[in-house]
Amino acid sequence: EPEVTQTPSHQVTQMGQEVILRCVPISNHLYFYWYRQILGQKVEFLVSFYNNEISEKSEIFDDQFSVERPDGSNFTLKIRSTKLEDSAMYFCASSVLSVSGNTIYFGEGSWLTVV
Amino acid sequence: AQSVAQPEDQVNVAEGNPLTVKCTYSVSGNPYLFWYVQYPNRGLQFLLKYITGDNLVKGSYGFEAEFNKSQTSFHLKKPSALVSDSALYFCAVRDRSNQGGKLIFGQGTELSVKP
C-alpha cells in the first residue's frame with residue numbers, strides 16, 4: 001500500500017539552527033500538508049500546498065517556516081532558526097483530488113528536539 | 001470557527017466489551033468527518049470517514065462510527081474491544097466546500113483496553 005515517507009525520524013538540533021524535514025508524498029497525490037504535534041497536545045495544522053504554492057497556512061506558520069517542492073517527489077519543511085518551542089512531532093500528509101471526499105494520509109512523523 | 005471536541009481524555013474498557021469514543025463538532029455546513037488512530041511513537045492512521053449517505057460507516061479493524069446530524073456527533077464504536085486497540089484516537093473535520101482543505105482535529109482520546 002502506498003505511504004507517505006518522512007526523514008529523518010528523529011533530529012536533535014541546537015536552538016537557532018536551521019532544520020529541514022523531508023517528505024515523499026504518495027505518488028499520485030496533489031495536496032500536501034504539514035502538521036505538528038507538541039508532546040501530549042493535539043495535532044495542529046501548519047500549511048497546505050497545492051500546484052506549487054501555499055494554499056493555506058495557520059498562525060503557527062510564521063516567517064521562520066517555509067515549504068518547498070524541489071522536485072517531482074519531495075516536499076520539505078524548513079525552519080530557519082529553531083526555537084525551543086519548535087520541539088514537536090512534525091507530520092507530513094498528502095491527499096488526492098477526489099469528488100468523494102479526500103482522505104488525508106499521514107507519514108510516520110519526524111521528531112524534532114531543539115536543545 | 002470550526003472546532004472538534006472529544007470530551008473524554010481517556011476511555012478504559014475491558015477486553016471483549018463494546019467501546020465508544022465520543023466526538024462532537026461545531027462547523028458551518030456539512031463537513032466531512034474522520035477518525036484517525038495513533039499508536040505510540042507512530043503516525044496517524046486513517047480509520048474511517050463519513051462523506052454522505054448511511055449514517056453508520058464502517059472502517060478498519062472492526063471500527064465503525066455513527067454520524068448524528070441533529071446532535072452534531074460522530075462517535076467511534078467497536079462491538080468487542082481488543083487489547084491491541086489501545087491507542088490515541090483523533091476525530092477530525094474537513095470543510096466540504098474545499099477539497100484540499102485542512103483537517104481540524106480534536107484533542108484526542110486515549111483508549112486503554114485491559115485484558
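Any read-out appearing in this document is the output of simple, stated calculations on the displayed coordinates, not a laboratory observation. Since the structure is predicted, the reported quantities are computational estimates derived from the model, not experimental observations. With ideal geometry, Cβ positions are generated from the backbone for all residues, glycine too; neighbour counts draw on all protein chains shown.
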Per-residue ³J(HN,Hα) for region B:101-113, Karplus 6.51 cos²θ - 1.76 cosθ + 1.60, θ = phi - 60°, Hz, x for Gly and Pro: x, 6, 7, 10, 9, x, 7, x, 10, 7, 9, 10, 10
Cβ-placed point charges (K, R +1; D, E -1), dipole of the protein assembly as shown about Cα centre in debye, nearest 20: 300
Long pairs among A:Lys57/B:Lys49; A:Lys78/B:Lys49; A:Lys57/A:Lys83; A:Lys42/B:Lys58, criterion Cα-Cα beyond 28 Å: A:Lys78/B:Lys49
P(r) tail fraction, region B:1-68 - alpha-carbon pairs more than 14 Å apart, %: 67
Residues B:Val4, B:Val11 arranged by fewest to most Cβ contacts within 10 Å: B:Val11, B:Val4
Inter-probe distance in nm under a simple model that places probes 7 Å from Cα toward Cβ, at B:Ser26 and A:Gln17: 4.2
Amide H partners (placed H, <5 Å) of B:Glu15, local residues excluded: B:Lys114
Radius of gyration, Dmax [the protein assembly as shown; alpha carbons; angstrom]: 17.6, 51
DSSP beta bridges in the protein assembly as shown [antiparallel fraction, %, rounded to 5]: 90
Convex hull of chain B built on C-alpha atoms - directionally averaged projected area, nm²: 7.0
Per-selection Kirkwood Rh - region B:40-96 (Cα, Å, 1 d.p.): 12.6
Sequence of A:Met15, A:Met89 once ranked by neighbouring C-beta atoms within 10 Å, starting from the fewest: A:Met15, A:Met89
Alpha carbon convex hull of chain A, projected area averaged over orientations, nm²: 7.2
FRET E, pair A:Thr113, A:Ile60, Förster distance 22 Å, beta-carbon r, rounded to 0.05: 0.80
Per-residue HN-Hα couplings for region B:74-82 [Karplus 6.51, -1.76, 1.60; θ = phi - 60°; Hz; x = Gly/Pro]: 8, 6, 8, 9, 8, x, 9, 6, 10
Order of A:Glu53, B:Glu8 under a 10 Å beta carbon neighbour criterion, fewest first: A:Glu53, B:Glu8
